[in-house]
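See below for the structure under consideration.
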Amino acid sequence: MDFLLPALIVLATVVAMELVAWSSHKYIMHGFGWGWHRDHHEPHDNLLERNDLYALVGAAASISMFLIGSPMVLGDGAWWPATWIGLGILFYGIIYTLVHDGLVHQRYFKWVPKRGYAKRLVQAHKLHHATIGKEGGVSFGFVFARHPAKLKAELRRQREAGIAVVRESAGA
């Protein structure tokens, strides 16, 4: 099999997963799935969060794609692109874990970026955590982050419109 098409499928899946993550974060985690996500927005000293259950959902999606793409499981009914989609979901999960849990929340390592895109990611996610409760908010993605000044302006607008309760420390 040619290398280019599988590589493009993996890359497209990683990009698509950011859209899936953004929409599921905004509409599921901050919607009917808030019960699993709430503890992620509250201070605690626990090693694990209920929010970590969402990683199992992502793992199940990746494993499902590997199964659908496997001739060992489905024989001639296997759909070969599914294997590469599963790999893209897996890669996105690794990126998410390193960026969100590692860099932003410092669960695995301690490094505070002083400049560049890594700093922008941290700032954007900190602004996501600037709201109290599940209503309103900004920056629901994990890998692509808008400029912090634009996010602060959006938080200020949400606070003034009564959409979100913003922590005083957020400066919005």
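A few comments on the model shown:
- When the helices of the chain are scored as -39500 (n - 2.57) per DSSP H run of n ≥ 4 and the total is divided over every residue, the value at 222 nm lands at -16000 deg cm²/dmol.
- The residues of the chain expose, per residue, 60 Å² of accessible area to a 1.4 Å probe.
- Taking G77, G31, G86 in turn, the Gaussian network model of the chain (Cα-Cα springs below 10 Å) assigns the largest fluctuation to G77.
- With contacts taken as Cα pairs under 8 Å at a separation of at least 6 residues, the range 1-101 carries a relative contact order of 32 percent.
- Computed on protein heavy atoms with a 1.4 Å probe, the accessible areas place Y117, Y54 in the order Y117, Y54, largest first.
- Cα long-axis angle, helix 116-128 against the chain (0 to 90 degrees, to the nearest 10): 70
- Accessible-area composition of the chain, carbon plus sulfur, in percent [1.4 Å probe]: 67
- Contact order, relative form, for the range 16-172: 20 percent (alpha carbon pairs under 8 Å, 6 or more residues apart, mean separation divided by residue count).
- Seen from L47, the other residues with C-beta closer than 13 Å to its C-beta sum to a net charge of -3, counting Lys and Arg as +1 and Asp and Glu as -1.
- Only Lys, Arg (+1) and Asp, Glu (-1) charged, at Cβ; the range 20-161 dipole about Cα centre in debye: 920
- 9 Å beta-carbon shell around V165, net charge (K/R +1, D/E -1): +1
- The range 1-80 and the range 92-157: distance between their alpha carbon centers, rounded to Å: 19
- Of K114/K152; K26/K114; K26/K119; K110/K134; K26/K110, pairs whose Cα-Cα distance is over 25 Å: K26/K114; K110/K134; K26/K110
- Gaussian network model of the chain, springs between alpha carbon atoms under 10 Å - residue of A153, A82, A118 with greatest fluctuation: A153
- Comparing L67, L56, L47 in a Gaussian network model of the chain, where Cα atoms under 10 Å apart are tied by springs, the biggest mean-square fluctuation is seen for L47.
- Taking a ≥ b ≥ c as the square roots of the Cα gyration tensor eigenvalues, the range 18-69 comes out oblate, since a/c reaches at least 1.5 and a/b does not exceed b/c.
The values are calculated or read from the model by the stated rules, or taken from the named source; none is laboratory data. Here the structure is a predicted model, which means the values were calculated and not measured. For neighbour counting, all protein chains shown are included, and Cβ atoms are generated from backbone atoms with ideal geometry for every residue, glycine included. Note: accessible area is taken over every heavy atom of the protein model, side chains too, but ligands, DNA and RNA are not part of it. Shrake-Rupley method; radii C 1.70, N 1.55, O 1.52, S 1.80 Å.
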